[in-house]
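Encoded as structure tokens, the structure appears first; notes follow it.
The values are calculated or read from the model by the stated rules, or taken from the named source; none is laboratory data. Here the structure is a predicted model, which means the values were calculated and not measured. FYI the Cβ positions are ideal-geometry reconstructions off the backbone, even for glycines, and counts take in every protein chain you see. These accessible areas exclude ligands, DNA and RNA; they are computed on the full protein's heavy atoms, side chains included. Shrake-Rupley method; radii C 1.70, N 1.55, O 1.52, S 1.80 Å.
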Amino acid sequence: MSSHEPQRAQHREYPEPSEGGRPVPWFVVAWIGVLILWGIGYYAWHIGWPLTGGDSRTAVEQAAPGAAVDGEKLFTAQCSACHQPTGQGVPGTFPPLAGSEWMQGDPALVVAIVHDGLQGPITVAGEEYQGSMPAFADKLSPDELAAVLSHERQAWGNEGEPVDSALVKKHEERFAERGAWTVDELRNTFPTPE
Ligand code: HEC
């Protein structure tokens, strides 16, 4: 055993293995191409088709046939963030719906306010407000708008008669798409509180 030993060990070893180059078969490349084209074509073909993946039904359509729309739930979801769960509003910022002479007033008047929105000064229960109430025409169907108003007009001790969805449809026929009302415009168009 001498200094030759390490050299012999080197002779025994094989060269480093290296990966053989094997090209991807042409038909695999062609198939990937076909799949990409199919994918693009599928999207292009469906542009403008109604979306069926998500659930785009309104609350009314989702409810079991014949089931009434839940006005209280709609109030919680759509109105209570500003007018507060108690309907009392926020002094100086959001007027109350509870005890409001507007909310309990002419049904066509409240339909107008909620359908199209309201801006500018308004006095509610003796307090002056100057804010902006968003329109709900795009968020609530006529059935839903009627249901949420009917709930609010009888909640918290309010005493207003229920609102029928036919009234909302009449409103839409009469005024089509218009912007937010001002109190002056409301006074010229509907019976309004003092
Ligand atoms: C983003 C906040 C906001 C939301 C959400 C909101 N409101 Fe209002 N609402 C206001 C403001 C602000 C006013 C006062 C507007 C003004 O000063 O001209 C108002 C005024 C009103 C009025 C007339 C005054 C009164 O207090 O009676 C009614 C009726 C009303 N809202 C009903 C509703 C209903 C119903 C909903 C839900 C469908 C709703 N609001 C959702 C902010 C909101």
Q) Of the residues in the range 171-194, how many are of a type outside the set (Phe, Trp, Tyr) and within 17 Å of Ala135 (Cα to Cα)? A) 13
Q: Considering each residue of the range 96-110, count those that are closer than 12 Å to Pro193 by Cβ and within 6 Å of the ligand (Cβ to nearest atom), and give that number.
A: 4
Q | Any hit, the range 165-176, residues being within 11 Å of the ligand (Cβ to nearest atom) and charged (D, E, K, R) | A | no
Q) Could you list, in sequence order, the residues of the range 129-146 that are farther than 19 Å from Lys170 by Cβ and of a type in the set (Phe, Trp, Tyr)? A) Tyr129
Q | Selection within the range 112-139 - within 20 Å of the chain's Cα centre (by Cα) and of a type in the set (Phe, Trp, Tyr) | A | Phe136
(Q) Can you pull out every residue in the range 124-162 that is of a type in the set (S, T, N, Q) and either in contact (Cβ under 8 Å) with a residue 40 or more places away in the chain or open to solvent by less than 20 Å² (accessible area, probe 1.4 Å) (or both)? (A) Ser132, Ser141, Ser150, Asn158
Q: Determine which single condition Val69 fails, assuming it passes every other condition in (1) at pLDDT below 95; (2) under 18 Å from Gln154 (Cβ atoms); (3) touching a Pro at 6+ places or on another chain (Cβ under 9 Å).
A: (3)
Q) What are the residues in the range 111-139 that are part of a loop (DSSP other than H, G, I, E, B) and within 6 Å of the ligand (Cβ to nearest atom), if any? A) Pro134, Phe136
Q) Failed condition for Gly33, given (1) open to solvent by less than 100 Å² (accessible area, probe 1.4 Å); (2) within 16 Å of the ligand (Cβ to nearest atom); (3) at pLDDT 95 or above, with all others met? A) (2)
Q.
Of all residues being more than 21 Å from Ala137 (Cα to Cα) and in contact (Cβ under 8 Å) with a residue 60 or more places away in the chain in the range 89-103, which is least open to solvent (accessible area, probe 1.4 Å)? Just the residue, please.
A. Ala98
Q) When you go through (1) more than 10 Å from the ligand (Cβ to nearest atom); (2) crowded, with 16+ Cβ neighbours inside 10 Å; (3) farther than 18 Å from Leu74 by Cβ one by one for Val183, which number turns out not to apply? A) (1)
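Test Pro85 against the criterion of being in contact with a Ser or Thr (Cβ under 6 Å, 6 or more places away or on another chain) and open to solvent by 40 Å² or more (accessible area, probe 1.4 Å), and give yes or no.
Values: in contact with a Ser or Thr (Cβ under 6 Å, 6 or more places away or on another chain): no; open to solvent by 40 Å² or more (accessible area, probe 1.4 Å): yes.
Taking the combined requirement at face value, the residue does not satisfy it.
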